[in-house]
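A.B. asks: Before anything else, here's the structure in question.
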Amino acid sequence: MKGNGAGIVSYGTYVPRYRISPDEIGRVWGVDGVAMGKNLNIHSKSVPSPDEDTITISTEALRVAIARGNIDPREIGALYVGSESHPYAVKPTATIVAQAVGATPNLTAADFEFACKAGTAAIQVCMGLVSSGMIKYGVAIGSDTSQGAPGDALEYSASAGGGAFVIGKDHIIAKINATQSYTTDTPDFWRREGQRYPSHGGRFTGEPAYFRHVTECGKGIMKAEGTTPADYQHVVFHQPNGKFPLRAGKMLGFNDDQMRYGMVTPWIGNTYSGAALIGLANVLDHAKPSERILVVGYGSGAGSDAFDVTVTDEISHYDHSIGTPVQKDLEEGISINYSIYAKFRGKIRLSGE
Amino acid sequence: MSVARFWRETLRRYNLGASKCPECQTVFFPPRSVCPQCTVHRKSMTKMEPCQLSGKGEIFSYTTVYEAADGFEMQVPYVLALVKMAEGPVLTGQVVDVDPKEVHEGMPVKATFRKLREDGDSGVIHYGYKFAIVRSPTASK
């Protein structure tokens with residue numbers, strides 16, 4: 001699917017300040033956390049404060065995007081929030097975010113859900129609305145405050161964060177040349193209605209799920225665009241841990257240098273719907289005009305969305321000084337122990353609850 | 001707090017919606033329909049201009065809360081501050097993600113969007129402004 005002139009006008013990210021290490025989690029569960037962290041290639045993961053959720057993270061990320069792009073929020077015609085941790089089962093995250101940034105009432109808004117790729121699916125919808133001329137700006141947000149059951153392997157990676165992208169046709173800092181998806185019914189990871197924590201298929205989440213969809217989708221878009229890995233300066237994958245994307249990159253023929261900026265999970269953990277978008281944001285924080293980026297998201301259930309992106313000259317005038325650069329979130333944070341983590345994540349029940 | 005009452009306050013809680021007197025230029029938060037500063041109040045009637053605070057300010061005074069209000073038990077100890085906004089009004093708000101020992105008067109802060117409280121497990125979730133300390137932005141390029 002061609003981009004038909006759609007591209008990224010602005011972007012913003014938000015990552016909570018608190019961090020916990022695999023070593024500290026392992027200490028509580030009698031597991032060698034250092035080895036677990038090494039195995040997953042995760043040094044630390046972000047932890048949201050008790051007063052942070054998908055709505056607050058989405059709002060903060062979008063406020064940065066609006067300020068950086070000097071965008072009039074009343075010109076946003078569509079706003080979609082992709083997440084698997086929407087605070088309400090019924091009542092949209094998107095309406096609260098839209099109200100909080102001053103985009104209401106003349107816009108369409110909805111919540112998306114497709115495991116970790118709901119944010120990239122939202123970008124595709126915005127591309128259609130923008131390139132058809134139906135709206136001027138569309139906002140796609142991928143944001144999560146994901147949880148793993150205590151002691152489960154997921155607990156070492158599941159974190160919180162989000163990215164917001166404003167899609168438009170004018171003054172774009174990056175042109176989306178094309179997008180392509182690869183979708184099948186693959187039950188690798190799920191959460192049933194009313195369940196507190198997700199379930200997963202263990203090793204089944206690897207070859208038939210993540211690797212099949214990411215590599216097939218990546219190959220598909222490169223074939224359609226007539227490109228090879230050598231045509232891209234940067235590549236970003238969905239990153240449930242720090243190991244899977246490196247292996248997927250090698251399988252497709254990318255080298256470490258191309259993956260350098262797109263890798264964020266080793267320092268902030270798996271932000272689920274935010275992961276690929278925060279990786280792309282870090283690339284755009286560093287990218288130069290004419291550089292080409294391949295993005296391949298992944299959502300369990302399962303599907304991949306790929307984007308072929310070219311950075312434009314507009315990025316030279318883009319105001320990176322507003323908000324927090326992703327690199328700063330990778331380097332900084334407030335370390336907490338498991339007790340504080342358990343308190344923040346609602347794993348401790350108070351009297352009367 | 002009833003759903004309707006909080007909903008009516010959304011503009012100022014979400015967006016720091018304020019009002020400005022066209023006569024003396026004083027900014028009010030929460031917004032006022034008449035300026036109490038001008039000697040002839042009638043001058044400002046129906047003329048007060050809606051505006052939005054920038055969210056930038058500095059800590060005027062603060063305290064550390066150890067005995068939490070209902071719904072804030074998980075955040076103890078937390079800092080509650082009077083924040084002098086750049087436009088003039090002084091707001092009361094929680095200062096988040098900071099060690100209370102780090103906080104001092106004159107500390108620059110910015111408004112941040114946070115969950116204020118929940119009406120139990122099945123009620124409405126209330127959102128609004130709190131404050132975060134301003135950290136020096138280190139550009140990565």
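The values are calculated or read from the model by the stated rules, or taken from the named source; none is laboratory data. As the structure is a computational prediction, the values presented were derived from the model and not from experiment. Glycine gets a Cβ as well: all are built from the backbone with ideal geometry, and neighbour counts include every protein chain shown.
A.B. asks: Taking the stated definitions as given, is A:SER49 within 27 Å of B:GLN52 (Cα to Cα), in a loop (DSSP other than H, G, I, E, B), within 14 Å of another protein chain (Cβ to nearest Cβ) and in contact (Cβ under 8 Å) with a residue 12 or more places away in the chain?
C.D. replies: yes
A.B. asks: Looking only at residues that are in a loop (DSSP other than H, G, I, E, B) and hydroxyl-bearing (Ser, Thr, Tyr) in region A:72-127, which one is surrounded by the most Cβ atoms within 10 Å (Cβ to Cβ)?
C.D. replies: Ranking the candidates gives A:SER83 first.
A.B. asks: Then there is this: Checking the condition more than 22 Å from A:GLU60 (Cβ to Cβ), β-branched (Val, Ile, Thr), outside any loop (DSSP other than H, G, I, E, B) and more than 13 Å from every other protein chain (Cβ to nearest Cβ), which residue from B:THR46, B:THR92, B:THR64 passes?
C.D. replies: Among B:THR46, B:THR92, B:THR64, only B:THR64 is more than 22 Å from A:GLU60 (Cβ to Cβ), β-branched (Val, Ile, Thr), outside any loop (DSSP other than H, G, I, E, B) and more than 13 Å from every other protein chain (Cβ to nearest Cβ).
A.B. asks: Does at least one position in region A:5-21 carry a residue that is surrounded by fewer than 19 Cβ atoms within 10 Å (Cβ to Cβ) and over 21 Å from the mean Cα position of the chain (by Cα)?
C.D. replies: Yes: region A:5-21 contains one or more residues that are surrounded by fewer than 19 Cβ atoms within 10 Å (Cβ to Cβ) and over 21 Å from the mean Cα position of the chain (by Cα).
A.B. asks: Contact list please: Cβ distance under 9 Å, first residue in region A:271-295 and free of Cβ contacts under 8 Å to residues at least 24 places away in the same chain, second residue surrounded by 24 or more Cβ atoms within 10 Å (Cβ to Cβ), pairs at least six apart or on different chains.
C.D. replies: Pairs found: A:SER290/A:VAL311.
A.B. asks: So, one more: Do we have A:SER58 as within 14 Å of chain B (Cβ to nearest Cβ), assigned to a loop (DSSP other than H, G, I, E, B) and modelled with pLDDT of 95 or more here?
C.D. replies: It is false that A:SER58 is within 14 Å of chain B (Cβ to nearest Cβ), assigned to a loop (DSSP other than H, G, I, E, B) and modelled with pLDDT of 95 or more.
A.B. asks: For region A:245-262, name all the residues that are over 17 Å from A:GLY142 (Cβ atoms), buried (at least 23 other Cβ atoms within 10 Å of the Cβ) and touching a Phe, Trp or Tyr at 6+ places or on another chain (Cβ under 7 Å).
C.D. replies: A:ALA248, A:GLY249
A.B. asks: Take A:ARG192 and decide whether it is among the basic types (Lys, Arg), at pLDDT below 95 and surrounded by fewer than 24 Cβ atoms within 10 Å (Cβ to Cβ).
C.D. replies: Answer is yes for this residue.
A.B. asks: For a quick check of your reading of the model, give me the residue pairs whose first member lies in region B:14-28 and is modelled with pLDDT of 95 or more, whose second is in a strand (DSSP E or B) and among the β-branched types (Val, Ile, Thr), with beta-carbon atoms closer than 9 Å and at least 6 apart or on different chains.
C.D. replies: Note: pairs meeting the criteria are B:ALA18/B:VAL27; B:SER19/B:VAL27; B:LYS20/B:VAL27.
A.B. asks: Please return the ranges of helices (runs of 4 or more DSSP H) entirely within region A:263-353 where 3 or more residues are assigned by TED's automatic domain parsing to the domain that holds A:VAL31, surrounded by fewer than 19 Cβ atoms within 10 Å (Cβ to Cβ) and at pLDDT below 95.
C.D. replies: Here the list is empty.
A.B. asks: Going residue by residue through region A:253-260, is there one that turns out to be among the aromatic types (Phe, Trp, Tyr) and under 15 Å from the mean Cα position of the chain (by Cα)?
C.D. replies: Looking through region A:253-260, none of the residues is among the aromatic types (Phe, Trp, Tyr) and under 15 Å from the mean Cα position of the chain (by Cα).
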